[in-house]
Amino acid sequence: MRGTLLYIGQRLILIAVTTALVSSIVFLLLHQIPGSAFLNETRTTPQSLAAHLHHYGLDLPLPQQYANWAIGVLHGNLGESLINRGVLITPLLIRETSVSATVGAFALIVTIGLGLLLGVFAALRQNTWVDYIASSAAVVGYSIPSFVIAIFLLLIFGHYFYDWTQGTVYYNVGWGDWTQVPVPAIALGLPYASYVARLTRASMLETIRTDYVRTAWAKGLRARIVVTRHALRNALIPVVTILGPLVTGIITGSVVIENIFGIPGLGKEFVTSILARDYNIVIGVFTFYAGLVGLANLTVDVIYPVLDPRIRY
Amino acid sequence: MTRLAVFRSLAMAVGAVSMVAACGPGGTPSSNLASDQTLSFPMVDDVGNTDPATMSAAVDIDIFRNTYSGLYKFDDQLNEIPDIADGQPQISSDGLTYTFKMKHNVKFSNGDPVKADDFIFSWDRAAAIQGDYASVFQPVVGYDDVSNGKATHMSGLKKIDDYSFSATLSAPAGFWFTETALWTAWVVDQKVVLAAGKATDTKWADDPATAIGTGQFKLTARTPKQSLDFAPVANWWGGSTGTITKVHIEIVADQKAQLTKYESNGYSLIGFANQSLTPEDVIRYHSDSQLSKQLQLLPGARTTWIGFNFCTGKGTPSKNCTFASAFAGDAGKPLREAFSLAIDRDQLVDIACSKGTACVKATGGVITKGLKGYLGDNTDQWAKFDPTQAKQLLQQGDPNGTKTKNLTYTYNATAFNKAVCDNLASQWRANLGVTVQCASTDRASFFNARTKCSYPIFRHSWSADYDHPQDWFDFLFVTDAGSGGACYSNSQLDSMAKDANSKPLSQSLDTYKAMNKILVDNCVTGNLVYTVLQYLAHPWVQGASGNSLYDNYWSDVKILQH
């Protein structure tokens, strides 16, 4: 237990360092991009431009800007939006993270649930029509990018089933209704579910041929017990191994999906803030993403020993 | 009078009183009003600034003109009329001193009385904060000191008593009275602002608890980038706030999503705060006899044109110039004319303006039709379609084709700008035989480069801030104009602008028109289209409209039974 806590502590420090590094690099690179958030087709004068820069501290030397920003971050303050003056970034991103996390969690359920189900059935019914259909579906699902699936789903739910959905399941027409979550989550999770299905099938095929599973069958245990308690648990280890990169993929994939479905989450903010040169939000989003990916990977690593007692920290 | 006659008279009187009592302020019988008087509509983007001193986007102004007000406002015909002011200002004979008298009954939404000190405080802080429109106070004596941070008070502003004050200008400025009706001159509550922080802090305006104004409505809730809510101010100083009991605004980036919700009665309307429909949707509504009853198309106050670069070399005629443009000066005039004459604007409007539902062709100069300074329909000789003359002019301006080789028209990436560029490029290829590449760039990079006159030929547009020609010339066409992007310079025009700006509009309108004519005659801008505003409202929503610059006040809207 002590070892696990020590490991978690080390990893948390590493995540903090990585997040700080990522946001620092983004901070420095962003300031090299031409363009300004304050220029538009209104009466911007040199004086008003200078006033804007002064208000946000953008007229200070870059090292000083960086120091001010870092001090703010240590106090949990990511600054103020350049486009929407007065809007504080930390509460904004926390709210948007909760939206993204809802969709992401649901997508993870789709990924793992559907992937495991297809993989297990395909393995148990190897070389039958069940296997062929499941395997083919997995190949197709894995080959189609999530944004194409999203467009298909929009067509189905937004057009063919319009009378049933009234369009509210797919756009951000007042985000907050749980019925809005499944469709984008399926679009986000489906390609990864196909990957999990293929991996689970291969792993299950290997496991169900092992001696201890054969022994379980020979003991006369029920099929459900043999599959879930003996075969699946061990077959899951390679699946959990890829869970880290998979969660990362879902987090980054949300950038595309949130924009297609108009979901007011972190992914959508990421794109709009870059286009608007809202430097402060861009840095904030990167910081959040870096932290999220680190924490997601840590969570997966912590789950590992639960499934495989041989692993100790 | 007989008993019958008395009875009849009494009955008629009772009937008349009943009818009056049953009617709302706009003449709608209250029995026809829906029990839920919530006005709801979507916006693509959230408001950018909530403090009058820093506001600049049309969206912000359309929303917050319902919560703040100033000495003057514009009526439906864009005439400037008193709001908090008690009548017109007294202007000294030299045109330098304006004395404003205020109504005595004006209160902020928190009940604080509005006094001259509040106006002086509001105007001083606006000059100090230096928002995009702080230059509204540039003519006032002491502005420079405040804007430079050397002083906190413009010495030209003087309190006379609690309900009157004067503003002294450094030089006569005929347009300044119009500017006093702008948002930068709205009054804020000195007590509230100072209680929340420094005078120049703007955070108070984001918090519904401290966003105190003198308008008919008050901000009650705000979730950034998600929604805004407003409610009428109880016992508003100006009288009735209409029938609307709540205003709910949602930030919905996708126009299709907006319409989907509108069509399921989720919104009262689409169109307030400068919103529009997608091209296919506006055509669908416009072409259907039933649906078209929900759609109103009104002339807007924006002109879009082809910007030609007038740089003749490094540093000339503007310090921003870095290269010699083929379109500059007298030598470039035939090219400018050729590129303008080669455009069939009917075709452009059909394709890029969704068959005229988003914009109409610009044939009367750069100032939009309907605004003061407009030259009249078909007065721009270079806005007609004449491919034969265009080819001749091209031959004259670029006989060996070297000047128009590898030309790139640059625009900031929007669907409309892309449609315009694609159509222009195809028409120039077909009518002039010139290949022009379309280059889109993001908004921030585009304005950054355009401000430095970096593009030889580019998209330009301007939306009037108020109905005064000075708003166009001072910011677009005088030498080193901040939003010009073309580095245009004409000493004659500069001197005419100086003269016209010093006089009241009644005496200067002809000069402004003459200036507009100079622009047209020299084909300084390739005028393309004037914007059309779209308001889509259910039949049960009354008053969902506006003029070329502003939406109707929310108090003008009523929700009928449905």
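The values are calculated or read from the model by the stated rules, or taken from the named source; none is laboratory data. Keep in mind it's a predicted model, so treat the numbers as computed, not measured. Cβ coordinates were reconstructed from backbone atoms using ideal geometry, including for glycine residues, and neighbour counts include every protein chain displayed. For the accessible areas, the whole protein counts, side chains as well, though only heavy atoms, and no ligand, DNA or RNA atoms are used. Shrake-Rupley method; radii C 1.70, N 1.55, O 1.52, S 1.80 Å.
Within the range B:330-373, work out how many residues are over 25 Å from residue B:470 (Cβ atoms), open to solvent by 30 Å² or more (accessible area, probe 1.4 Å), in a loop (DSSP other than H, G, I, E, B) and touching a residue at least 12 places away in the same chain (Cβ under 8 Å).
Total satisfying the criteria: 3.
Being more than 24 Å from residue A:102 (Cα to Cα), part of a helix (DSSP H, G or I) and either away from every other protein chain (no Cβ under 14 Å) or in contact (Cβ under 8 Å) with a residue 60 or more places away in the chain (or both) is true for just one of A:212, A:192. Which residue is that? Write out each step before concluding.
Values: A:192 fails: more than 24 Å from residue A:102 (Cα to Cα).
The unique qualifying residue is A:212.
What are the residues in the range B:121-130 that are open to solvent by less than 20 Å² (accessible area, probe 1.4 Å) and away from chain A (no Cβ under 14 Å), if any? Break it down into steps so the answer makes sense when it comes.
First pass over the range B:121-130, keeping only residues open to solvent by less than 20 Å² (accessible area, probe 1.4 Å): B:122-127, B:129-130.
Passing the criteria: B:122, B:123, B:124.
The rows are residues; the columns are (1) in contact (Cβ under 8 Å) with a residue 12 or more places away in the chain; (2) assigned to a helix (DSSP H, G or I); (3) surrounded by fewer than 13 Cβ atoms within 10 Å (Cβ to Cβ).
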site	(1), (2), (3)
B:400	no, no, yes
B:405	no, no, yes
B:417	yes, yes, no
B:429	no, yes, no
B:437	yes, no, yes
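With the requirement that a residue be open to solvent by less than 50 Å² (accessible area, probe 1.4 Å), away from chain B (no Cβ under 13 Å) and hydrophobic (A, V, I, L, M, F, W, C), what does the range A:74-104 give you?
Within the range A:74-104, A:78, A:103 qualify.
If I filter the range B:448-473 down to residues being hydrophobic (A, V, I, L, M, F, W, C) and within 16 Å of residue B:409 (Cβ to Cβ), which single residue comes out as nearest to the other protein chains (Cβ to nearest Cβ)?
If we filter the range B:448-473 for residues that are hydrophobic (A, V, I, L, M, F, W, C), which is where we start, we get B:449, B:453, B:457-458, B:462, B:464, B:472-473.
Then drop every residue that is not within 16 Å of residue B:409 (Cβ to Cβ), which leaves B:449, B:453, B:457-458.
Values: B:449: 8, B:453: 14, B:457: 17, B:458: 12 Å.
Taking the candidates together, the pick is B:449.
Among the residues of the range B:30-85 satisfying the criterion of being of a type in the set (Phe, Trp, Tyr) and in contact with a strand residue (DSSP E or B) (Cβ under 8 Å, 6 or more places away or on another chain), which is surrounded by the most Cβ atoms within 10 Å (Cβ to Cβ)?
Of the residues in the range B:30-85, the ones of a type in the set (Phe, Trp, Tyr) are B:41, B:64, B:68, B:72, B:74.
Cutting the leftovers down to in contact with a strand residue (DSSP E or B) (Cβ under 8 Å, 6 or more places away or on another chain) gives us B:41, B:72, B:74.
Values: B:41: 27, B:72: 21, B:74: 19.
That would be B:41.
Which one of these is crowded, with 19+ Cβ neighbours inside 10 Å, among the aliphatic types (A, V, I, L, M), modelled with pLDDT of 95 or more and farther than 17 Å from residue B:469 by Cβ: B:560, B:536? Spell out how you get there, then give the answer.
On the way: B:560 fails: crowded, with 19+ Cβ neighbours inside 10 Å.
Answer to the selection: B:536.
Could you please find all residues in the range B:124-155 being among the β-branched types (Val, Ile, Thr) and within 16 Å of residue A:44 (Cβ to Cβ)? Lay out the reasoning, then the answer.
Kept after step one, since they are among the β-branched types (Val, Ile, Thr), are these residues of the range B:124-155: B:129, B:136, B:140-141, B:146, B:152.
Answer for the range B:124-155, where residues must be among the β-branched types (Val, Ile, Thr) and within 16 Å of residue A:44 (Cβ to Cβ): B:129, B:136.
Restrict the check to the range A:21-39 and report whether at least one residue is modelled with pLDDT of 85 or more, closer than 12 Å to residue A:286 by Cβ and either outside any helix (DSSP H, G or I) or in contact with a Gly (Cβ under 7 Å, 6 or more places away or on another chain) (or both).
no
Give me the residue from the range B:260-314 that is free of Cβ contacts under 8 Å to residues at least 40 places away in the same chain and among the basic types (Lys, Arg) and, out of that set, nearest to the other protein chains (Cβ to nearest Cβ).
Filtering the range B:260-314 for residues that are free of Cβ contacts under 8 Å to residues at least 40 places away in the same chain and among the basic types (Lys, Arg), the one nearest to the other protein chains (Cβ to nearest Cβ) comes out as B:284.
Looking at B:483, B:445, which one is under 21 Å from the mean Cα position of the chain (by Cα), surrounded by fewer than 23 Cβ atoms within 10 Å (Cβ to Cβ) and within 12 Å of another protein chain (Cβ to nearest Cβ)? Let's see the steps before the verdict.
Working: B:445 fails: under 21 Å from the mean Cα position of the chain (by Cα).
Checking each option against the conditions leaves just B:483.
Take the residues of the range A:145-171 that are open to solvent by 50 Å² or more (accessible area, probe 1.4 Å) and not in a helix (DSSP H, G or I): which is modelled with the lowest pLDDT?
So the residue we want is A:168.
Restrict the check to the range B:94-110 and report whether at least one residue is free of Cβ contacts under 8 Å to residues at least 12 places away in the same chain, assigned to a loop (DSSP other than H, G, I, E, B) and either β-branched (Val, Ile, Thr) or open to solvent by 40 Å² or more (accessible area, probe 1.4 Å) (or both). Walk me through how you get there before you give the answer.
Narrowing the range B:94-110 to residues free of Cβ contacts under 8 Å to residues at least 12 places away in the same chain: none.
No; the residues of the range B:94-110 include none that is free of Cβ contacts under 8 Å to residues at least 12 places away in the same chain, assigned to a loop (DSSP other than H, G, I, E, B) and either β-branched (Val, Ile, Thr) or open to solvent by 40 Å² or more (accessible area, probe 1.4 Å) (or both).
Scan B:498, B:513, B:517 and give me the residue that is within 24 Å of residue A:46 (Cα to Cα), of a type outside the set (A, V, I, L, M, F, W, C), part of a helix (DSSP H, G or I) and open to solvent by 10 Å² or more (accessible area, probe 1.4 Å). Write out each step before concluding.
On the way: B:513 fails: within 24 Å of residue A:46 (Cα to Cα); B:517 fails: within 24 Å of residue A:46 (Cα to Cα).
So the residue among B:498, B:513, B:517 that is within 24 Å of residue A:46 (Cα to Cα), of a type outside the set (A, V, I, L, M, F, W, C), part of a helix (DSSP H, G or I) and open to solvent by 10 Å² or more (accessible area, probe 1.4 Å) is B:498.
Taking the criterion of being away from chain B (no Cβ under 13 Å) and either more than 29 Å from the chain's Cα centre (by Cα) or of a type in the set (S, T, N, Q) (or both), would at least one residue in the range A:107-117 satisfy it? Before you say what the answer is, go through the steps one by one.
To start, the set of residues in the range A:107-117 that are away from chain B (no Cβ under 13 Å) comprises A:107-117.
Add one more test, that the residue is either more than 29 Å from the chain's Cα centre (by Cα) or of a type in the set (S, T, N, Q) (or both), and what stays is A:111.
Scanning the range A:107-117 turns up at least one residue that is away from chain B (no Cβ under 13 Å) and either more than 29 Å from the chain's Cα centre (by Cα) or of a type in the set (S, T, N, Q) (or both).
Pick out, from the range B:131-226, the strands (runs of 3 or more DSSP E) lying fully within it that include 1 or more residues that are away from every other protein chain (no Cβ under 14 Å), more than 24 Å from the chain's Cα centre (by Cα) and of a type in the set (S, T, N, Q).
Details: elements: B:157-161, B:164-168, B:217-223.
The strands (runs of 3 or more DSSP E) meeting that bar are B:164-168, B:217-223.
Within the range B:236-259, restricting attention to residues that are hydrophobic (A, V, I, L, M, F, W, C) and within 14 Å of chain A (Cβ to nearest Cβ), which residue is farthest from residue A:159 (Cα to Cα)? Steps first, answer last, please.
Pass one, the range B:236-259, residues hydrophobic (A, V, I, L, M, F, W, C): B:236-237, B:244, B:247, B:249, B:251-253, B:257, B:259.
Among the residues that remain, those that are also within 14 Å of chain A (Cβ to nearest Cβ) are: B:249, B:251-253, B:257, B:259.
Working: B:249: 26, B:251: 23, B:252: 20, B:253: 20, B:257: 13, B:259: 14 Å.
The selected residue is B:249.
Of the residues A:276, A:290, which is at pLDDT 85 or above, surrounded by fewer than 22 Cβ atoms within 10 Å (Cβ to Cβ) and out of contact with any strand residue (DSSP E or B) (no Cβ under 6 Å at 6 or more places or on another chain)? First the steps, then the outcome.
On the way: A:276 fails: at pLDDT 85 or above.
Of the residues listed, the single one that is at pLDDT 85 or above, surrounded by fewer than 22 Cβ atoms within 10 Å (Cβ to Cβ) and out of contact with any strand residue (DSSP E or B) (no Cβ under 6 Å at 6 or more places or on another chain) is A:290.
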